[in-house]
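To start, the structure itself, in structure tokens.
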Amino acid sequence: MSFFFPEMKASQCFSMSLFLLILLISCPWLISANPHLNNFLGCLDSFYSNDISKVIYTQNNASYSSVLNATIQNLRFSTPTTPKPLVIVTPLQTSHIQATIRCSRTNGLNLRIRSGGHDFEGLSYVSQVPFVVLDLTNFRSVKIDVKNKVAWVQSGAILGEFYSEIAKRSRTLAFPAGICHTVGVGGYLSGGGYGLLLRKYGLAVDNVIDAVFIDVNGRILKGKSMGEDLFWAIRGGGGGSFGVVLSWKVKLVSVPSTVTVFTIRKTLEENATNLVHQWQSVAHKLPGDIFSAVTMRKVNRSGKPTILVAFSSFFLGETNALIPLMKARFPELGLKKEHCTEMSWIESILYFGQSQNKSIDVLLDRSYKSPLNAPSFKTKLDYVKNPIPIAGFEKIWSKLYEEDAETAAMAFIAYGGKMAEIPESATPFPHRDGNLYHIAYTVGWDGEENTKSQRYMNWIRKFYSFMTPFVSKSPRGAYVSYRDDDIGTNKKKGETSYAKASVWGRKYFKNNFDKLIYIKTKVDPHNFFKHEQSIPLSV
């Protein structure tokens with residue numbers, strides 16, 4: 001099927017020739033860098049005409065580095081040796097995206113799609129083959145319909161911008177997404193998306209009701225024209241495999257005007273081991289109104305190392321309703337009124353995101369660096385179906401005491417509630433009923449420690465291996481939004497292999513992987529949209 005573009009006019013041919021002449025005089029190395037680049041730029045110019053200078057950044061452009069680095073959250077992928085895009089395109093209108101798809105495809109360039117830049121393995125802005133970054137930063141419109149409790153949000157908006165628009169219009173509406181406000185909506189929804197409301201309303205994608213999508217042929221698809229299969233695939237099947245989602249229609253959910261949060265911290269000397277062991281049997285059975293998490297890390301107390309365990313919760317209600325509930329379900333935790341803080345839903349995002357800025361205006365700061373992550377970091381994830389025994393925790397603590405675990409942390413996020421009620425096949429995200437909680441592991445370092453980065457990487461890989469007996473099996477589950485190239489990649493010429501992709505595909509999607517392959521083969525039969533862990537074509 002052909003693209004929907006008019007034929008090039010004579011005036012456009014002249015414009016393209018002049019553009020290329022100026023570009024190649026100022027930057028002659030571009031031809032030797034990639035023989036297809038000048039043809040790609042000329043192709044774009046033929047469609048963009050006078051708009052080209054506003055949306056295209058080549059490596060000789062003074063703004064290239066600032067545009068590339070603006071949303072990179074993990075400096076592990078911003079080093080002198082990190083492969084850089086030949087071109088960054090920041091489209092202003094839909095036709096710019098259509099042209100970028102066409103020109104990348106016809107000139108043999110890999111296309112990477114970036115909305116927020118939080119990809120844990122940098123797959124939205126790094127490639128091992130010559131590539132173009134399609135950066136959706138200008139597609140960030142948010143439209144809220146309070147009466148019907150729905151919203152349209154474009155993929156380039158960050159969660160903070162979305163939340164801020166909701167909060168301006170209602171204190172009792174929210175969206176069940178994450179606490180890191182600089183995450184881009186497009187990448188977030190493409191992977192599933194969990195947050196404080198997952199036990200009440202499920203994942204973010206469980207609340208997506210429509211989308212606007214551009215396929216490999218440049219067609220704009222929406223609603224019924226997209227088809228049920230493709231709509232299913234883009235809601236959790238991972239970004240970069242099927243096409244470009246321009247915008248999403250989502251259901252807004254009801255929250256009380258006042259919610260309650262608390263964090264209780266205990267060290268090993270304060271019975272933390274027994275408490276976290278018991279938490280495993282309690283948290284997933286709590287009412288869906290409660291989000292419950294536990295974080296663990298090494299600290300020093302009075303000059304001696306110990307493990308600090310923090311029990312944090314979010315409750316859809318007031319303190320006087322939460323305390324008797326917790327006393328009945330988890331009295332050992334010792335929750336008291338002084339532990340609790342009442343606030344609005346939007347303020348709880350700042351609380352759990354550990355923002356030092358108490359104003360919700362920080363949600364609009366796209367350059368904000370979350371204290372939850374170090375400048376450079378590696379993250380991995382597991383699912384737990386059976387409680388870890390106390391003896392297991394004792395071994396875990398010994399690993400966290402190790403020297404290279406100085407900046408390591410673990411987080412347990414309880415499932416149950418709505419998560420246990422939604423079938424595994426409802427969306428590509430399959431990790432539903434039967435999971436007590438998931439574990440996120442992370443280790444980080446600052447820029448001055450980049451020479452030691454391999455030590456930290458080795459530590460988290462060994463720790464992940466150590467955790468094997470305690471987590472899900474056959475397959476060992478993984479979460480596609482927590483990309484982890486340790487479990488496998490296709491790097492040869494940027495292609496994807498069914499045999500190799502099955503290794504990580506089964507971990508991310510379990511039995512849903514077969515359906516994703518079928519849909520991928522149907523909507524992108526020549527595998528244009530691909531990256532190191534993309535959905536492969538059927539064999």
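The values are calculated or read from the model by the stated rules, or taken from the named source; none is laboratory data. Everything numeric in this text was worked out from a predicted model, so none of it was measured. Cβ atoms come from the backbone with ideal geometry, glycine included; neighbour counts cover every protein chain shown. We work out accessible area using only protein heavy atoms, side chains counted, and drop any ligands, DNA or RNA first. Shrake-Rupley method; radii C 1.70, N 1.55, O 1.52, S 1.80 Å.
When we screen 224, 249, 168 for residues that are at pLDDT below 95 and basic (Lys, Arg), the only hit is 224. Within the stretch 146-160, the set of residues being open to solvent by 20 Å² or more (accessible area, probe 1.4 Å) and closer than 27 Å to residue 73 by Cα comprises 152, 154.
Determine whether residue 281 is outside any strand (DSSP E or B), small (Gly, Ala, Ser) and over 25 Å from the mean Cα position of the chain (by Cα). Quick ask: steps written out before the conclusion?
On the way: outside any strand (DSSP E or B): yes; small (Gly, Ala, Ser): yes; over 25 Å from the mean Cα position of the chain (by Cα): yes.
Considered against the rule, which asks whether it is outside any strand (DSSP E or B), small (Gly, Ala, Ser) and over 25 Å from the mean Cα position of the chain (by Cα), residue 281 comes out as yes.
May I ask you to say which residue of 342, 347 is part of a helix (DSSP H, G or I) and open to solvent by 20 Å² or more (accessible area, probe 1.4 Å)?
Numbers: 342 fails: part of a helix (DSSP H, G or I).
Within the list 342, 347, the selection yields 347.
The set of residues in the stretch 391-424 being among the hydroxyl-bearing types (Ser, Thr, Tyr) and either at pLDDT below 95 or part of a helix (DSSP H, G or I) (or both) consists of 398, 407. A residue that is farther than 18 Å from residue 117 by Cα, in contact with a Ser or Thr (Cβ under 9 Å, 6 or more places away or on another chain), part of a loop (DSSP other than H, G, I, E, B) and modelled with pLDDT under 90 occurs somewhere in the stretch 40-62.
Would you check which residues across the stretch 221-254 are closer than 17 Å to residue 505 by Cβ and free of Cβ contacts under 8 Å to residues at least 60 places away in the same chain and list them? 234 - this is the single residue of the stretch 221-254 that is closer than 17 Å to residue 505 by Cβ and free of Cβ contacts under 8 Å to residues at least 60 places away in the same chain. Does residue 241 satisfy the condition of being under 27 Å from residue 351 (Cα atoms) and at pLDDT 95 or above? So residue 241 does not fit the description; no.
What number of residues within the stretch 194-219 satisfy the criterion of being open to solvent by 20 Å² or more (accessible area, probe 1.4 Å) and within 13 Å of residue 288 (Cα to Cα)?
At the first step, the residues of the stretch 194-219 found to be open to solvent by 20 Å² or more (accessible area, probe 1.4 Å) are 194, 200-201, 206, 209-210, 212, 217, 219.
Now narrow it down to the ones that are within 13 Å of residue 288 (Cα to Cα): 200-201.
So the count comes out to 2.
Being more than 20 Å from residue 271 (Cβ to Cβ) and of a type in the set (Asp, Glu) is the filter here, so list the residues in the stretch 315-336 that pass it. If the condition is that a residue be more than 20 Å from residue 271 (Cβ to Cβ) and of a type in the set (Asp, Glu), then 318 is the only one that fits. Applying the condition of being open to solvent by 10 Å² or more (accessible area, probe 1.4 Å) and assigned to a strand (DSSP E or B) to the stretch 311-339 and asking which residue is nearest to residue 414 (Cα to Cα) yields 312.
Of the residues 288, 223, 236, only one is among the small types (Gly, Ala, Ser) and under 21 Å from residue 513 (Cβ atoms); which? Walk me through it before giving the result.
On the way: 288 fails: under 21 Å from residue 513 (Cβ atoms); 223 fails: under 21 Å from residue 513 (Cβ atoms).
After ruling out the rest, the residue left standing is 236.
Contact map, the stretch 523-534: first residue free of Cβ contacts under 8 Å to residues at least 60 places away in the same chain, second residue open to solvent by 10 Å² or more (accessible area, probe 1.4 Å) and not acidic (Asp, Glu), Cβ cut-off under 9 Å, separation 6 or more or different chains; pairs are 525/537; 527/496; 527/521; 527/537. When only residues in the stretch 226-265 that are more than 30 Å from residue 112 (Cα to Cα) and surrounded by fewer than 20 Cβ atoms within 10 Å (Cβ to Cβ) count, which is nearest to the chain's Cα centre (by Cα)? Checking each candidate, the answer is 253. Please verify whether residue 213 is assigned to a strand (DSSP E or B) and under 24 Å from residue 437 (Cβ atoms), treating the condition exactly as stated. Judged against the criteria, residue 213 is not a match.
Residue by residue, here is whether (1) open to solvent by less than 20 Å² (accessible area, probe 1.4 Å); (2) under 21 Å from the mean Cα position of the chain (by Cα) holds:
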position	(1), (2)
432	yes, yes
439	yes, yes
446	no, no
455	no, no
467	yes, no
471	yes, no
485	no, yes
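Across the stretch 487-539, the qualifying residues are those that are acidic (Asp, Glu) and open to solvent by less than 30 Å² (accessible area, probe 1.4 Å), and the one among them that is modelled with the lowest pLDDT is 532.
So which residues in the stretch 80-106 are outside any helix (DSSP H, G or I) and either in contact with a strand residue (DSSP E or B) (Cβ under 9 Å, 6 or more places away or on another chain) or charged (D, E, K, R) (or both), if there are any at all? Working first, answer last.
At the first step, the residues of the stretch 80-106 found to be outside any helix (DSSP H, G or I) are 80-93.
Within the stretch 80-106, 83, 84, 85, 86, 87, 88, 89, 90, 91 meet the criteria.
Against the numbered list (1) in a loop (DSSP other than H, G, I, E, B); (2) surrounded by fewer than 21 Cβ atoms within 10 Å (Cβ to Cβ); (3) under 19 Å from the mean Cα position of the chain (by Cα), residue 427 comes up short only at (2).
Inspect the stretch 124-131 for any residue being part of a loop (DSSP other than H, G, I, E, B), open to solvent by less than 50 Å² (accessible area, probe 1.4 Å) and small (Gly, Ala, Ser) and give the result as yes or no. Steps first, answer last, please.
At the first step, the residues of the stretch 124-131 found to be part of a loop (DSSP other than H, G, I, E, B) are 124-130.
Going one step further and asking which of them are open to solvent by less than 50 Å² (accessible area, probe 1.4 Å), we end up with 124-127, 129.
Now narrow it down to the ones that are small (Gly, Ala, Ser): 124, 127.
Checked the stretch 124-131: at least one residue is part of a loop (DSSP other than H, G, I, E, B), open to solvent by less than 50 Å² (accessible area, probe 1.4 Å) and small (Gly, Ala, Ser).
Just so you know, in the stretch 271-296 the residues that are in contact with a strand residue (DSSP E or B) (Cβ under 6 Å, 6 or more places away or on another chain) and of a type in the set (S, T, N, Q) include one that is nearest to residue 441 (Cα to Cα), and it is 295.
All of (1) open to solvent by less than 70 Å² (accessible area, probe 1.4 Å); (2) more than 25 Å from residue 287 (Cβ to Cβ); (3) not in a helix (DSSP H, G or I) hold for residue 388 with one exception: (2).
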